[in-house]
Amino acid sequence: MTTKEGLDMENMDAGLNPSAKTRSDTEYPASGETLIERFKRYYWSYRQTSDTDASFNFAYQALLLSLLDGVSRFADDGDLDGIRNLMREIDEIRHSVQGSNDSVKERFEAEYRQQYPVS
């Protein structure tokens, strides 16, 4: 779907996350992937080219856009339970980053460094 401004809305998430799969790929988003797993995947992708703070902010923005895409797909399918589950997951994430996102950011960074050790 393209808006009159020329933005490709279906692949907006892929534009924010260079490693995201396109909608035609069965792994977009990964089957059974929770929002926190997706958030972490986005963080790791951005972290390869950005600092910790920027990566976290970019990943959170990409997560919110992918949430909108997911809600839209569930709405098209008439899947109210799917929408409720997504909203429950995003509420949990919002509460964990609301006061201070430092603990979440530190956990993501520790897991990133474990996955991609510095030589």
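For first residues located in the stretch 37-53 and part of a helix (DSSP H, G or I), partners that are open to solvent by 50 Å² or more (accessible area, probe 1.4 Å) and lie 6+ apart or on another chain with Cβ distances below 6 Å form the pairs Ser45/Ser19; Tyr46/Phe58. If you filter the stretch 109-119 down to residues that are loosely packed, with under 13 Cβ neighbours inside 10 Å and touching a Phe, Trp or Tyr at 6+ places or on another chain (Cβ under 9 Å), you find that the one that is modelled with the lowest pLDDT is Tyr116.
If only residues of the stretch 55-108 that are at pLDDT 95 or above and not in a helix (DSSP H, G or I) are counted, the one that is surrounded by the fewest Cβ atoms within 10 Å (Cβ to Cβ) is Gly78.
The values are calculated or read from the model by the stated rules, or taken from the named source; none is laboratory data. Here the structure is a predicted model, which means the values were calculated and not measured. Don't worry about glycine lacking a Cβ; one is built from the backbone with ideal geometry, like all the others, and counts go over all protein chains shown. When the accessible area is computed, the model is the full protein with side chains, heavy atoms only, and any ligands, DNA or RNA have been set aside. Shrake-Rupley method; radii C 1.70, N 1.55, O 1.52, S 1.80 Å.
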